[in-house]
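The values are calculated or read from the model by the stated rules, or taken from the named source; none is laboratory data. The model shown is predicted, which means the values in this text are computed figures rather than measured ones. Glycine also receives a Cβ, built like all others from the backbone with ideal geometry; neighbour counts cover every protein chain displayed. Ligands, DNA and RNA are stripped out before the accessible areas are found, and what is left, the full protein with its side chains, is counted by its heavy atoms. Shrake-Rupley method; radii C 1.70, N 1.55, O 1.52, S 1.80 Å.
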Amino acid sequence: MGNSDDRAGKAELDVLLQTEQTFPPPPDFAASANAADPEIYARAAADPEAWWASWADQLAWITPYRQVLDWSEPPFARWFDGGTLNASVNCLDRHVGAGNGERVAYFWEGEDGSRRVITYGDLLDQTQRFANALRGLGIGKGDVVGIFMPMVPEAVVAMLACARIGAIHNVVFGGFSAGAVAERMEVSKAKALVTADATLRRGKPVAMKAEVDRTIAAANSIETIVVVDRCDTDPPMQPGRDHLWSELIAAADAFCEPEPMDSEDPLFILYTSGSTAKPKGIQHTTAGYLTGVTATHRLVFDLKADDVYWCAADIGWITGHSYIVYGPLANGAVSVLYEGAPNYPAEDRWWEIAARYGVTIFYTAPTAIRACMKWGVEQPRRHDLSTLRLLGSVGEPINPKAWLWYHAEIGGGRCPIVDTWWQTETGAIMIAPLPGLTTTKPGSATVPFPGVEAKILDSSGHEIGEGGGNLVLTKPWPAMARTLYGEPERFVSTYWERYGRDVYLVGDAARRDEDGYFWIVGRIDDVINVSGHRLSTMEIESAIVGHSGVAEAAVIGVPDELTGEAIFAFVTPVGGVVGDDDLSAAIERHVAAKIGKLARPKRIAFADDLPKTRSGKIIRRLLRDIAAGNELGDVTTLRDPDVVAQLQRQIAAPRSG
Ligand code: WT7
């Protein structure tokens with residue numbers, strides 16, 4: 001974490017602060033906003049437990065809770081202890097019970113143009129049937145169920161069916177490789193996996209089930225695989241182990257009694273990257289998580305009954321869990337769910353969909369906004385986007401240029417933008433504007449959500465009022481991760497040791513300006529953020545050295561105009577021969593197979609050795625300077641000064657291939 005100070009350095013801040021424009025809430029927006037009273041912040045700060053309880057009390061409880069918060073053994077918080085509830089009931093039954101069974105939960109749009117309208121009643125019916133099917137397959141409370149699916153409604157149904165019977169879902173992003181799926185199933189001891197025959201990628205089916213078959217043998221905890229037929233590709237099925245979704249649903253009972261879950265019972269785990277090669281199983285609970293996503297979704301997105309809400313993330317990331325599934329459904333929202341890429345079959349696909357459904361709230365990532373900028377303003381201008389009234393951003397810092405483009409070209413200059421900072425670990429949005437109250441500054445996630453307390457600390461733990469340092473959260477919040485699945489010690493040492501057991505170390509460097517606004521600068525650990533996707537340098541390095549032609553590898557993140565950061569790999573080939581394009585291509589394929597295409601290095605440089613100290617430690621700072629083409633100064637103290645020149649020659653040369 002030694003580089004936090006220079007990462008939070010002044011040069012980067014200057015870039016972020018290039019624009020001095022500020023955007024107060026439009027008066028008509030403010031007048032009817034869900035959060036319209038600025039006192040909300042002071043009230044929540046004065047009594048955070050009462051504030052969060054006011055949201056928990058809006059959930060449907062089977063038995064009421066006895067205590068709002070037990071923080072007697074930090075960092076292991078207990079929220080709403082003594083209560084029981086069921087997440088699927090909160091997302092479905094209570095809306096149907098209130099007479100809203102015909103209300104649309106999702107307008108689903110397939111990549112191939114197919115469309116389905118799924119009401120809350122439909123979703124409840126499917127969820128109960130699939131929950132019964134899972135029970136029939138011997139899955140029950142506390143069992144882990146993997147989900148590796150395209151963005152189809154069945155993915156949501158699978159998650160809710162797990163919630164209904166108390167099984168813990170473990171969703172793996174559909175863009176990961178089957179090898180990554182197998183690893184995540186194995187470490188979580190998953191009993192079942194729900195997948196699809198294939199997923200559509202730009203019009204072509206890409207096999208999922210057959211790929212899973214090739215890797216899952218190692219994950220022998222899997223007893224059952226359920227297969228959704230998405231692409232009609234007739235995948236291999238192993239009798240006894242594999243079942244077709246459609247057959248299970250057809251045979252299942254329509255009514256499924258929901259499992260009463262304790263507030264603190266796990267709802268799901270979701271693996272994310274950390275500083276080591278081993279992914280972390282972030283574990284979230286039932287009541288606290290639902291409370292957090294309900295409150296943030298309603299206030300940050302200003303959700304109203306007549307909104308058409310679209311979060312364009314994937315269900316396989318925390319953004320999809322919290323703001324496609326649980327938050328919107330708990331709030332009874334009408335959502336759009338889109339399966340494919342933003343530029344398939346054409347670069348105006350998103351805007352065509354937004355116009356068709358009259359989307360009012362749109363939430364995406366800066367990297368996607370930058371891609372849209374590249375495709376040109378003609379694309380959105382071809383469609384009527386006048387129903388939009390609020391825009392959101394998530395996943396990485398949004399550069400002011402992209403912010404201003406989003407505001408002008410997508411929002412027509414009238415929509416507030418909520419830049420939402422949070423993490424897989426925080427479960428829900430932590431720092432973001434309340435769009436009817438907060439004046440926004442392009443590039444800043446602005447201020448903590450009511451009830452959340454964030455600070456910037458220096459390396460010795462002193463608070464920095466104005467300036468840069470380590471971002472921390474200093475009060476427990478209901479949607480906080482409770483542990484790392486099966487690794488409580490790692491949970492403590494990763495997040496809760498640096499500044500004490502009641503201070504959450506975020507892992508981001510940030511700055512606070514004179515108005516108390518937070519500006520996220522970047523990670524302080526060995527995590528690379530590519531297109532808002534979190535990847536561990538160690539995980540990529542271990543995938544690269546897994547290739548037989550590679551002796552050693554070091555990976556860094558370098559700034560990239562489109563993806564925020566890009567992966568740069570420094571590789572020593574076996575035998576010290578300098579690598580060629582064939583080896584580059586082989587390494588890329590290897591990483592794609594081990595982790596997924598999203599982890600492929602954008603550039604690879606080869607040398608006989610990596611720049612190391614005499615004691616053999618790789619000097620990563622030097623790798624960053626080499627990648628940036630900076631002057632290096634004295635390198636004679638290196639073990640092998642010659643490798644630096646080898647690498648520099650490749651950086652200077654235009655990339656081949
Ligand atoms: C990391 C968490 C939260 C869902 C998507 C990512 C970065 C996230 C922002 C933002 C600047 C952001 C941080 C954070 N990040 N949102 N609005 N501004 N940076 O979840 O994969 O758990 O990654 O993403 O570095 O620590 P995740």
Report summary line: In nm, the gap between the two label points placed 7 Å beyond Cα toward Cβ at Glu453 and Glu102 is 5.0 nm
Requested in this report: Output ³J(HN,Hα) for the range 585-601: one whole-Hz value per residue in order, computed from phi by the Karplus curve 6.51 cos²θ - 1.76 cosθ + 1.60 with θ = phi - 60°, and x for Gly and Pro.
Outcome: 5, 5, 5, 4, 4, 5, 5, 4, 6, 6, 10, x, 4, 5, 9, 5, x
Report task. Using DSSP to define loop residues, name the trypsin sites (Lys or Arg not before Pro) in the range 574-647 whose beta-carbon has at most 13 other beta-carbon atoms within 10 Å. Result -> Arg614, Lys617
Query raised in the report: Do any trypsin sites (Lys or Arg not before Pro) in the range 204-249 lie in a DSSP loop with no more than 16 other beta carbon atoms within 10 Å, and if so, which?
Result: Arg241
**Report entry** Point-to-point label distance, His383-Lys401, nm (Cα→Cβ direction, 7 Å offset)
**Finding:** 2.5 nm
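Semi-axes of the equivalent ellipsoid of the chain: what are they in whole Å, largest first, if each equals the square root of 5 times a C-alpha gyration tensor eigenvalue?
Calculated on Cα positions only, the semi-axes equal 37, 31, 25 Å.
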Query - Accessible surface, per residue, of the range 87-259 when the full set of protein chains is kept, probe 1.4 Å, Å² - result: 36 Å²
Query raised in the report: Which value, in Å to one decimal place, does the Kirkwood hydrodynamic radius take for the range 331-450 when every pair of different Cα atoms is included?
Result: 14.8 Å
**Report entry** Accessible area of the range 537-657 belonging to carbon and sulfur atoms, whole % at 1.4 Å probe
**Finding:** 52 percent
Query raised in the report: Heavy-atom accessible area of His547 with all protein chains present, probe 1.4 Å, nearest 10 Å²?
Result: 40 Å²
Requested in this report: Evaluate 2.2 N^0.38 Å with N set to the residue count of the range 87-259, then give the Cα radius of gyration divided by it.
Outcome: 1.00
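If you roll a 1.4 Å probe over the range 390-451 with all protein chains in place, what percent of the accessible area is carbon or sulfur?
Whole-percent figure for carbon plus sulfur exposure: 57.
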**Report entry** Cα-Cα over 19 Å, subset of Lys204/Lys374; Lys401/Lys441; Lys278/Lys594; Lys204/Lys597
**Finding:** Lys204/Lys374
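Per DSSP H run of at least 4 residues, take -39500 (n - 2.57); add these up for the chain, divide by its residues and hand me the 222 nm value, nearest 500 deg cm²/dmol. All intermediate terms of the calculation are to be shown ahead of the outcome.
Numbers: 21 runs with 187 residues, N = 657.
Roughly -8000 deg cm²/dmol at 222 nm, from the helical runs in the chain.
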**Report entry** Coil-residue trypsin sites (Lys or Arg not before Pro) of the range 485-586, DSSP, other Cβ within 10 Å capped at 14
**Finding:** Arg501
Query raised in the report: Among all the aspartates and glutamates, which ones have a C-alpha under 17 Å from Lys141's C-alpha, if same-chain residues fewer than 8 places away are not counted?
Result: Glu223, Glu257, Glu259, Asp262, Glu264, Asp265
Query - Within the accessible area of the range 220-311 (1.4 Å probe), percent carbon and sulfur - result: 50 percent
Query - Where N is the number of residues in the range 526-652, Cα Rg divided by 2.2 N^0.38 Å - result: 1.00
